Every structure is written in C-alpha cells, then in structure tokens.
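Visitor: If you scroll down you'll find the structure; I have some questions about it.
The values are calculated or read from the model by the stated rules, or taken from the named source; none is laboratory data. These numbers come from a predicted model, not from an experiment. Don't worry about glycine lacking a Cβ; one is built from the backbone with ideal geometry, like all the others, and counts go over all protein chains shown. Remember, those area values only see protein heavy atoms, side chains included, never the ligands or the DNA or RNA. Shrake-Rupley method; radii C 1.70, N 1.55, O 1.52, S 1.80 Å.
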Amino acid sequence: MVAIAICAAAYVREIEQLEQTNREREASRVRFLAYLFQHDLRTVASDLRMLAQGDALHAYLATSDPRDLRRAARRAADFSREHADYDRIRFLDASGREVFRIDQGGRVDPESELRDKADRPYFQAAKTLPPEGIYLSPFDLDAEQGAIARPLHPALRLAMPVFDDAGRQRGVCVINYAGATLLERLRKFAPALSRRLRVLNAAGYWIVAAHPDDEWGFLFPDRRDRTLAAADPALWRQLQLVPEGQLPHAGGLFTWYRFAPAAALGEAGGGDPFLIMGSEISAAEWSAVFASRRANFILVLIVFGGLVAGSLLLLRSRRRVLEERDRYFALSRDMLCVAGFDGYFKRLNPAWLATLGYAEADLRARPFIDFVHPEDRAATTAEAAKLAAGEDTVAFENRYLAKDGSYHWLSWNSRALAAERLIFGSARDITDRKAGEEKVQQLARDLQLQNTRLELANQELESFSYSVSHDLRAPLRHIDGFANLLADHSAATLDDKGRRYLATISDSARRMGRLIDDLLTFSRMGRARMASGLIDHARLIAEVIREGGYDHDPRIEWRIAPLPPVQADPAMMRVVWVNLIDNAVKYSARATPPCIEIGRLEPVNGTTGEQVFFVRDNGVGFDMQYAANLFGVFQRLHSDAEFEGTGIGLANVRRIITRHGGRAWASAAVGKGATIFFSLPEPPPS
C-alpha cells in the first residue's frame, strides 16, 4: 500500500507538471500570434504612408493635370501588383469621390466605375485626422452597395488624409487589407494552433470560431445571439477583466491574450477597441495529453495488485513454508531472515553474508535498525510496527550498511508469524536497478529539457523567419519605390548615367527580395511538416509549364514521357518541378532550338526500390568537376551576367528529395546540356 501511495503521489506530481508545461506553451503561442497581427498592421501602415506622400500623387494635387493623375494611378497599380494581400487601393478627393481605384493585381478601374464613398466611416473618420494620422477600421466583411460580398471576404481598411504642399487637406488614401490572408498567415506561423485558433472582437462576437456558422454574427441578423457571452458568460466576464489568462472551457482549456490593434499604428484612431487572440483546446485533445500517463499508472496498479494477490497466497501456505525454511534458507539466492519483535535478527541465510560482508554473529549482535540508513529508519520502524500490530505482510524498500561502508538498496517482503512473535523477511539486492532507474529518470528529465529548448528554438526561428520576411522586405520595397519616385521626380535633370544608377538600385533591391524569398523557402522546406498524397505527374508538370508561361513559347521543344504517380508531399513536389523546369528553360535559352526532355529511368533487372526521374536540356551545361557544388546554397556555376539566379533552387530540390528518402544528382558536359536526376522511394503495393 505504501508503494501504491508513493506511485499515486508521483503520478499526481507528473500530471501537474505536464499540465503546467502545456499551459505555458499555449500561452506563449497565443502571445506570439497577437504580436504577428500587430506587426502586419505596422507594415501596411508604412506602405500607406509611402503611397499618400508619394511625388506622383502630390504632383497631381499641385497641377490637376490628367497626365499626372494617370502617373499617380500607374504608381499605385505597380504597388498593388507587388502586394497581393492588398485587395484594393483608393484615392478619394475632399468630397469623398473616388479619383482612382486599383483592384487586386494592379487593375485600374475605368472612370465610369468610380463611386462616391463620402458616407463611408473610414472616409469620415480619416478627414478628421491630422497629418501622419491613420484610421483603422473594425475587422469585418467587405460589402458593396450595402450587401455583404459572397464568398465572405474579411477585410481591414487603413485610411490616411492627404495634404498638399500648402498644408490643405485634399483627400484620403485607403488600403483594403485582405483579412483572410492575415488569418492564414497566423495559422502558417503557428501550425500547432491552426485548428484551435480563435479570434473575438470587443463585443464578444467570433471572427474565427470552431464552426464557420458562428463567425461574423454582428453582421448577420440570424447569428446575433452567437457570442461567447451567450455561450459561456463566466468565461466572457473573465476575458473582459483580465488581459491574458487561461480557464477551463467545455472540458478543455481556453487561452487568451487581449490587445488593441490600433496601438501598433502610432497616431491612429478607430478600429476595434480591442481584439482577443485565443486558443481553444477541446476536451478530447486536453484528455489525450494525459492519456499515456494514466495508462502507465493503471499498469502500476495492476502490477502491485498482482503482488498483493501473491502475498495472500503465501499467507495461506505459511505453515508449509515454515516447515521447509531450513532447506530454503540454505539454497535461496534471496536474503532471508527471521527477526524478533524485540528488533534483533534471530537467523540469516548465507546470501546476507555474500551481499553485506558481515558474519552472521555480527548482524545478530546489534539491533537490525542500526544497519539501516538513517534516512530510512523511521519508515522501516513503521513497517515493523505494522506487523507487530497485526498486519500479515508488508512490502517496502530501504538501504542497509555493508561492511565496506557502502549502502545497498534492499526490496523487502515481510510477514508476521504472530504465534511465535517473529517476522519472516525476504530481501533482494536492487542496488543496480535503483541506479538504473535514477539514470533513466535523469535521462527523461534531460530529454524533456532538450525538447523544451528545441521548441523554444523553433519558435525563435519562426519569429526570425517572420522578421526576415517582413522587416527586410519593407525597406527593400521602400528602396525600390523611392528609387522609382526619384527617377520620376528628377527625370528632367538626370543624365543617362544617373538613370542607369537608379535602375541598378531598383534591380538590386528586387534581386535581394527574390533572394530573401528563396532563403525562406529553403528554411521552410527543412522545417515544414510533410503531408502525403498521390502525385499526378502529368497534371503537375503541365500546371508548372503553364504557370511559368512556357507553353506560349513556340521555340521550346518539349519531350515529356508518361510518368507514374508517386506518394509524396504535393506542395514540396511542386517546388521540385518548378525549380528543375525553370533551370532547364533558363540554361537552354540560347540553344537553337531549346529542347527539354522530362522522363523516368526504367529499372534494370526488375525493381530497385526507387523510381528515378530526370529533366534534360540541351543548354550550356557545366564542367563535371564542379558537380559537387551544384546543390549547395549560393553555389552557382555561371555568373549573374550570363544567367540570373540566386543559387538556392537546386539546394531546395536536394533538401526536399532527401526528406522524402530519395537522392538528387546531375550529369553534364560543357556546351552539351545538363541532366538533373532525382529518386523517390517506390510506393508499397496497394
């Protein structure tokens, strides 16, 4: 019973520690998502200021010349094409009439489609702001002419007043930011929260809920009662009172972090007073966290139940055991003894002498408690007292002093011979087992610590990747944008050399942006969780050729053999084919005509356990002595002057193929083209 109680206490402690670790991890993830949300808004605000203060727009305000207006609209269209997550860019005049409107992808709407937006809250609010002020709309759904757009289109609108050089307010510049893109980005950077991500506004309505039918209730009359306040009033009160925390909810756990979106924009107005970023772990998920621990505890109970049952059987046959104990004493490897209620050994078998090194007379001359480790004496005395008080049997562990000064761990099963006022004890030396258990426990603690550190390192890596993606991309856009603005502003005074310098700056900024994109892809390919699906090669290759625009190039001769399907990650295999086909097109561009062959190597002598595919071109090729560098990051065999590139594409190919259990290699000759091979494990038979 003592051992069961100890195991139960250890189980309770382990469950408490596991729960605390999972709570802290969930709170950290939710805070991280709130930071990403605010970081995205700061980036959009920076882009809005660049548009509102650009020279092209201010030239139009100064001259009202239609040519300057067209130039300003083209500048906004170029900006829209570079920002796929901006649904719409507008400039409204002082009366609220659209001067120009740019749809997603850079489409400039004709003048006949421009509308009066004077009654829109973002226009009315932005007109009251000082220079540099920004209005942020509430997080809601896009609507046109009073009706909610279908399919649903979440949006955030940022509006900024535009002042001319004389300080007069001349209108409002507006960016519609795609809310679906923002929410998808949150899920992408915290995939563990993807299914349980929750977002609420200040009124308690769901923006992201467990079921889509519960979302945007404040915009649909039939959903007005679908709020957290209605579903769980106690939890909603707590969310309003405490900025961040965790509470049980529906048998699971709800974690939240409250933040004000407009606080990230400096001098700003409007928007939701606050949003709540949350995570909802269901009762089933929360229970699954502890399932393995419960199973282990039940197993321990079964084991100890078996020991108790065995002890009962021993008690029933104690008379027979006493009759045979002399022979048993002589032959048993266990440490057997008979002790009296007076605390002294009466008899010991040879195993005692072999284990502790004492003579039997030495052990019988002193109370047996003198040989017990001081820390174990109280527990040992208590177990002996139970036998003296009438209990039939006890099981416990303690440490005994050996003659050489060391201590041995002994596991005891003892029972009372009440009629003789004696105790019969059987002990087994478990010193080695105890040392092994301690080592296993230490290894488990070290592993848990390493796992925690690894998870924190992964979170830091994700945060760093996100910062690279946004904090480096924004200044690059500004370098390119302001270089173009400077070229337009100073077109009359710049000579050819100055224009060439500005063009070099813009090209370098765009190349740096492509390099950042490739590096992020390379990083994600090593960390992304792999999915598995059946890849239809014919359709995938056709899509890659069509999306690259190569199907419209009449010069290219395509030779594509039928390829068998493979079991692999669809997104990653698309990256492989895009890089291989782009490389083949690029390096064969000077051939007459360019010829690209895609096929599969037939296995020799039956199956080989892998399928080998290749992409072959008739381009410039390369010297095979440099083939080892081909798949390394930034390792290029041709200069930028010959062929543009970042040197990361084939490194991505090798990383993806390696993660699938395959390999990648190349064969080429200078001036005679190159062939890139890769293999994938052959799928098991259906």
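Visitor: Can you tell me which of 276-283, 172-179 comes out highest on packing, and rank the rest after it, using the mean Cβ neighbours within 10 Å?
Guide: 172-179, 276-283
Visitor: Follow-up. Given contacts defined as C-alpha pairs under 8 Å and at least six residues apart, what's the relative contact order of segment 1-144, whole-number percent?
Guide: Relative contact order comes out at 12 percent.
Visitor: Over segment 73-212, calculate the relative contact order: mean separation of alpha carbon pairs under 8 Å at least 6 apart, over the residue count, as a percent. Each step should come with its number before you reach the end.
Guide: Values: 254 pairs, mean separation 27.8, N = 140.
Taking the mean separation of contacting Cα pairs over the length of segment 73-212, I get 20 percent.
Visitor: Here is a further query. List the residues, sorted by chain then number, that are 5 or more residues from N398 or on another chain and whose placed amide H is less than 5 Å from its amide H.
Guide: When sequence neighbours closer than 5 places are left aside, the close amide H contacts are L410, W412.
Visitor: Which value, in Å² and to the nearest 10, is the accessible area of D480 when all protein chains are kept and the probe is 1.4 Å?
Guide: Rounded to the nearest 10, the figure is 10 Å².
Visitor: Then there is this: Straight-line reach from K386: which lysines have a Cα under 28 Å away, not including same-chain ones fewer than 8 places off?
Guide: Here the lysines satisfying the reach criterion relative to K386 are K346, K434.
Visitor: Determine ³J(HN,Hα), in whole Hz, for all residues of segment 491-505 in sequence, where each value follows from phi through the Karplus function 6.51 cos²θ - 1.76 cosθ + 1.60 and θ = phi - 60°; x replaces Gly and Pro.
Guide: Result, rounded to whole Hz: 4, 6, 9, 7, 8, 4, 5, x, 5, 5, 4, 5, 4, 5, 4.
Visitor: Grab the other residues whose beta carbon is less than 12 angstrom from that of V30, score K and R as +1, D and E as -1, and report the net.
Guide: Once all neighbours under 12 Å are counted, the net charge is +3.
Visitor: Restricting to Cα pairs below 8 Å that are 6+ residues apart, what does the relative contact order work out to for segment 392-436? Please round to a whole percent. Walk me through the numbers on the way to the answer.
Guide: Details: 70 pairs, mean separation 14.7, N = 45.
It comes to 33 percent, rounded to a whole number.
Visitor: Go through segment 221-236 residue by residue and turn each phi into a ³J(HN,Hα) via Karplus (6.51, -1.76, 1.60, θ = phi - 60°); whole Hz please, and just put x for glycine and proline.
Guide: Taking θ as phi minus 60°, the curve returns x, 7, 10, 4, 8, 8, 10, 5, 4, 6, 6, 8, x, 5, 5, 5 Hz for segment 221-236.
Visitor: Work through the residues other than R185 whose Cβ is under 11 Å from its Cβ and net out their charges, Lys, Arg +1 and Asp, Glu -1.
Guide: -1
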